[in-house]
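The structure appears below as structure tokens.
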Amino acid sequence: MKQSTFPNIKIAVALLTYNNLDLLQDFLPEVIASLPDTKDYGLYVIDNASTDATQEYLAQFGDRINVISIKINRGFTNGYKEGLAQIDADIFCLLSSDVQISKGWLEPVTAMFDADPKIAVIQPKIRSFYHRDEFEYAGACGGFIDKLGYPFCRGRMFYDNEKDTGQYDEPMEIFWASGACFFIRAKIYEESGGLDNDFYAHMEEIDLCWRLKNRGFKIMVCPQSEVYHMGGQVIAYGSPEKTFRNHRNNLIMMMKNLPKKEVFPKILTRLILDQLAFANMIMRGQFNASFSIISAHWSFLFHLGKWRKKRKELKDWVVGYSKSGMYPRSIVFDYFFKNKKKFSDLDW
């Protein structure tokens, strides 16, 4: 039985922070003001062992927020693992500290959950905080992957972000939802095992969504809800650490979630394609980031037994390997060789 510190509510907005006092000062008051004035909604700030003045700042809000203090920072995924275990709610909203919400962002998501019990996860439309008419890299208007496990978004292909002109305002089922603003039914989160702590940060939400799709649940985007994301605050875009976790975690989630007959050929193909990415980075002078790919491969292969064990543990969870939201072609080939730069250009 889950031991919760707080009373049960319908939706718990769980904002994880670590030494982000400046972001809290910019965005937290807006989140507080956006909560409907009912006992169905609550705000929980999970402080992941900050060493700045975060605690002093949070204290001024009194009982308008609930503060959960993590004693030791063991990473992004662990912060949520420890924090959410203390919250009793029907729906969790995992909200990054570098996200600015907009007016009425909660109500459309709540209505979508109420309309369909098969929906496990919902993300809002995510625009760029800095270029407010454009979709943001981490999620845009819903996430997808191709047949080789490369993630992309409706509104973002590789590093090309489309302008939002309303072209993707139709709610739809997607493959993965962005961890920048991630709504999930609490019961399903707990039954699934939640975020995989071995990911630490990056792609942990894709892995979770893939598991849920293999269980038969729906992942949705709700464009009628909008937020603005800074991005790159946990791990900077293009950094060696992000490159490492991008490549290693992608291989882990493929090992865990692909059908058995596809695991070896697709992971082998990815290892080869990653070497081409390594060579490309070397030619562009990105030496630190390029060698992070090699480190990612060694880390994945060295712990291969561990990832295979995770796959075995999921055997009874899977009811069918879902292809819904998985692009049946190579997004790399279509983007670089067929010049398909927009989601709407793709041949589904």
### Query
Can you pull out the residues in the range 127-164 that are over 12 Å from the mean Cα position of the chain (by Cα) and of a type in the set (A, V, I, L, M)?
Ile145, Leu148, Met157
### Query
Of (1) at pLDDT 95 or above; (2) within 19 Å of Lys81 (Cβ to Cβ), Phe199 satisfies all except one. Which?
(1)
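Listed here are the residues, each with its yes/no results for (1) surrounded by fewer than 14 Cβ atoms within 10 Å (Cβ to Cβ); (2) within 19 Å of Asn257 (Cα to Cα); (3) touching a Pro at 6+ places or on another chain (Cβ under 6 Å); (4) outside the structural domain of Tyr159 (by TED's automatic domain parsing).
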position: Phe300; (1), (2), (3), (4): no, yes, no, yes
position: Tyr321; (1), (2), (3), (4): no, yes, yes, yes
position: Ser324; (1), (2), (3), (4): yes, yes, no, yes
position: Leu346; (1), (2), (3), (4): no, no, no, yes
### Task
Consider Phe113 carefully, then state whether it is assigned by TED's automatic domain parsing to the domain that holds Met203, assigned to a strand (DSSP E or B) and touching a strand residue (DSSP E or B) at 6+ places or on another chain (Cβ under 9 Å).
no
### Query
Is it the case that the range 328-338 has a residue that's exposed (fewer than 12 other Cβ atoms within 10 Å of the Cβ) and within 23 Å of the chain's Cα centre (by Cα)?
yes
### Message
I'm trying to understand the selection: among the residues of the range 46-69, which are buried (at least 20 other Cβ atoms within 10 Å of the Cβ) and in contact with a helix residue (DSSP H, G or I) (Cβ under 6 Å, 6 or more places away or on another chain)?
### Response
Ile46, Asp47, Asn48, Thr54, Ile68
### Task
Mind telling me which of the residues Asn257, Asn197, Asn214, Asn249 ends up being in the same structural domain as Lys309 (by TED's automatic domain parsing), touching a helix residue (DSSP H, G or I) at 6+ places or on another chain (Cβ under 8 Å) and either of a type in the set (Gly, Ala, Ser) or farther than 16 Å from His297 by Cβ (or both)?
Asn257
### Query
What are the residues in the range 151-196 that are buried (at least 19 other Cβ atoms within 10 Å of the Cβ), within 29 Å of Ala85 (Cβ to Cβ) and among the acidic types (Asp, Glu), if any?
Asp196
### Message
Whether any residue in the range 253-262 is part of a loop (DSSP other than H, G, I, E, B), in contact with a strand residue (DSSP E or B) (Cβ under 6 Å, 6 or more places away or on another chain) and touching a residue at least 40 places away in the same chain (Cβ under 8 Å) is what I want to check.
### Response
no
### Query
Which of the residues spanning the range 21-48 are at pLDDT below 95 and of a type in the set (S, T, N, Q)?
Thr38
### Query
Given Leu95, Leu58, Leu106, which one is in the same structural domain as Gln25 (by TED's automatic domain parsing) and touching a Leu at 6+ places or on another chain (Cβ under 6 Å)?
Leu95
### Query
Would you pick out the residues in the range 70-106 that are free of Cβ contacts under 8 Å to residues at least 40 places away in the same chain and either in contact with a helix residue (DSSP H, G or I) (Cβ under 6 Å, 6 or more places away or on another chain) or under 26 Å from Glu136 (Cβ atoms) (or both)?
Ile70
### Message
Given the criteria outside any strand (DSSP E or B), surrounded by 24 or more Cβ atoms within 10 Å (Cβ to Cβ) and of a type outside the set (Lys, Arg), does Ala120 qualify?
### Response
no
### Message
I'd like to check something: does the range 238-246 contain any residue that is closer than 16 Å to Asp207 by Cα and assigned to a helix (DSSP H, G or I)?
### Response
yes
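The values are calculated or read from the model by the stated rules, or taken from the named source; none is laboratory data. These numbers were taken from a predicted model, which means no experiment stands behind them. Reconstructed Cβ throughout: ideal geometry from the backbone, glycine too, with neighbour counts over all protein chains shown.
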